[in-house]
Amino acid sequence: MKKIIVLTFLAAFLVECSTVPITGRKRLNFVNDAQILPASFAQYKGFLEENKLSTNTKQTNQIRRVGKNISAAVDRFMRANGMTAEANSYEWEFNLVEDKTVNAWCLPGGKVVFYTGIMPICANEDGVAAVMGHEVAHAFAKHGQERMSTGQLQQLGGVALALSTQNSKNAEMWNMAYGLGTQVGVMLPFSREHETEADKLGLVFMIMAGYKGEEAAEVWVRMSERSGGGAPPEFMSTHPSNQTRIQTLRNFLPEAKKLAAKYNVPTSK
């Protein structure tokens, strides 16, 4: 029996290993959109019902304008690269929540939340685009689904786990991937690998949308200044250090501009 289980996992690993577009990284994903998107949309709806939306019309409109522009760039890329069905599955939505937490996130299927606490770090529209591009990139690269898949493997027998909004296991797997609860600010971090990939993809997407890529690194300069050097050492954190992210974004900027020019072509829907 043990041998059968091992062989099942190995076969599933080989079958479900796909490639992240643009970066080319191999990822493991057992969770398809039909399984996770209904839960994602329901979680987002519940979150908005239990948390206060910002009354700052200017900032809210800015979040939605930038989100619309960057999601349009992502949609353009997907449709130009044989990902039409996937592009059709996204239901983009962008909201600003009233809270001092310095945070933003994007759930599978394109549901985005910014907290008012991150707006001073963004500082300007290009800064908002940098954060937006990063968060949208998490959804584009299916980092949440990948984390759920890893969790299934770790739990043994998870390959056969059926995710549905009625299944009691769904909440367990969702919390493992996102930790999104009823309180603002509860959001489990992605891995360093996912964060770095989202930084790079987000940089490409913001440039495709017409924003200044140089501002992406400056967001992290401001984040570093805000922390006052109080962030934990990189080896103790699930995220790259601020300085690492600044250097990565600056080093990748020339390549990001080339990729944006390559992929930024008009397509018919």
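The values are calculated or read from the model by the stated rules, or taken from the named source; none is laboratory data. Treat the numbers as computed from the prediction; the structure is a model and nothing was measured. For neighbour counting, all protein chains shown are included, and Cβ atoms are generated from backbone atoms with ideal geometry for every residue, glycine included. For the accessible areas, the whole protein counts, side chains as well, though only heavy atoms, and no ligand, DNA or RNA atoms are used. Shrake-Rupley method; radii C 1.70, N 1.55, O 1.52, S 1.80 Å.
For every residue, the table says whether it meets (1) basic (Lys, Arg); (2) over 19 Å from the mean Cα position of the chain (by Cα).
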| position | (1), (2) |
| --- | --- |
| Lys45 | yes, no |
| Asn56 | no, yes |
| Gly67 | no, no |
| Glu86 | no, no |
| Thr101 | no, no |
| Trp105 | no, no |
Quiz item: Considering segment 57-109 alone, what residues qualify as being hydrophobic (A, V, I, L, M, F, W, C) and either part of a loop (DSSP other than H, G, I, E, B) or open to solvent by 40 Å² or more (accessible area, probe 1.4 Å) (or both)?
Solution: Ala72, Ala80, Met83, Ala85, Trp92, Val102
Quiz item: Lys142 is checked against (1) at pLDDT below 95; (2) closer than 28 Å to Val265 by Cβ; (3) in contact with a Phe, Trp or Tyr (Cβ under 9 Å, 6 or more places away or on another chain) and fails just one. What number does that condition carry?
Solution: (3)
Quiz item: Limited to segment 211-231, what total is found for residues that are of a type in the set (A, V, I, L, M) and either at pLDDT below 90 or open to solvent by 30 Å² or more (accessible area, probe 1.4 Å) (or both)?
Solution: 3
Quiz item: Which of the residues spanning segment 24-56 are in contact with a helix residue (DSSP H, G or I) (Cβ under 6 Å, 6 or more places away or on another chain), modelled with pLDDT under 95 and not in a helix (DSSP H, G or I)?
Solution: Arg27, Leu28, Asn29, Phe30, Val31
Practice problem: Determine whether Val136 is at pLDDT 95 or above, part of a helix (DSSP H, G or I), closer than 25 Å to Glu50 by Cα and under 17 Å from the mean Cα position of the chain (by Cα). | Solution: yes
